[in-house]
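No value in this document is a laboratory result; all are computed from the given coordinates. What you see is a predicted model; the values in this text were computed from it and never measured. Please note: Cβ atoms are built from the backbone with ideal geometry, for glycine as well, and neighbour counts cover all protein chains shown.
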């Protein structure tokens, strides 16, 4: 065993021990009980719908932003990068309060939303907004890194052969950056699935309406500890499967930060 790994053992133990305790502390019967819990399926279905919708929003609007960050030399780039990083460093509770101040009934856009007969706070739309906000940095940075690793001369060659800029981006850049984009999308989706604090404050915890898997676990913990442990184990298992899937991707030169083969 190398010396560096010996010095890393305390951190490795810290990383592995909670997951091991969760797995060993839940029997198959208790796991099945958690799967059969009345809060499980509605929360799972809501998490699936909202996280996929938030991921679609992040990919559609985050891809052009990532391309701009990867290719521009504009002096505003650092400010835009700072704005894109902000959801990572802000506590989730602060993000939730900020969303309420922006989109709540008494928020910055409250009167405009009321005039349009729209209400976002404490609705499923609030879950999607919160998830998209906290997940966006993971995709944007991975996509920007993937775009930076694409040889720009290939784009110039495509343009000289008569392709429009849009067609060259679609047929040359996106396929080359696709592994990195896919890895970033997977990380963003995982972050959206695990979002708790911002959605709790902005969307509430209404079963069947705004209660996603993390909040179902939190609510179940107060009345059924074993059921909550089973729900937590299911969520942890999904995270492990997702990480193994990411490690198996042929990420090549467009790998997102922190994800390698």
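Would you mind classifying region 15-79 by shape? Square roots of the alpha carbon gyration tensor eigenvalues, ordered a ≥ b ≥ c; an a/c under 1.5 is rounded, otherwise it is prolate if a/b is larger than b/c and oblate if not. The shape class here is oblate. A helix-only calculation puts the chain at -24000 deg cm²/dmol for mean residue ellipticity at 222 nm, using -39500 (n - 2.57) for each DSSP H run of at least four residues, averaged over all residues.
Between helix 40-71 and the chain there is an angle of about 20 degrees, using the helix long axis and the longest principal axis of the Cα atoms. What does the C-alpha gyration tensor say about the overall shape of region 1-140? Classify as rounded when a/c is under 1.5, otherwise prolate if a/b is larger than b/c, or oblate. Judged from the Cα gyration tensor, region 1-140 comes out oblate (a/c at least 1.5, b/c at or above a/b). If you plug the beta carbon distance of residue 242 and residue 82 into 1/(1 + (r/R0)^6) with R0 = 25 Å, you get a FRET efficiency near 0.30.
Over region 83-189, Cα pairs under 8 Å with separation of 6+ residues give a relative contact order of 27 percent. Among 141, 74, 37, the order by Cβ neighbours within 10 angstrom, fewest to most, reads 74, 37, 141. Under the criterion of Cα pairs below 8 Å and six or more residues apart, the relative contact order for region 1-128 equals 17 percent. The angle between the Cα long axis of helix 3-24 and the main principal axis of the chain comes to about 50°, on a 0 to 90 degree scale. Listed from fewest to most Cβ neighbours within 10 Å, the set 225, 94, 140 follows the order 225, 94, 140. For helix 124-148, report the angle its Cα long axis makes with the longest principal axis of the Cα atoms of the chain; keep it between 0 and 90° and round to the nearest 10°. Between helix and principal axis, roughly 40 degrees.
Note on residue 209 and residue 161: with the Förster distance fixed at 45 Å, the Cβ-Cβ geometry gives a FRET efficiency of about 0.25. With neighbour counts taken as other beta-carbon atoms within 10 Å, the residues 148, 167 rank, fewest first, as 167, 148.
Short-range pairs are left out: with C-alpha atoms under 8 Å and at least six residues apart, the relative contact order of region 40-254 is 31 percent. In a fully extended conformation the segment linking residue 41 and residue 71 would gain 6.4 nm over its present Cα-Cα distance, using 0.36 nm per residue.
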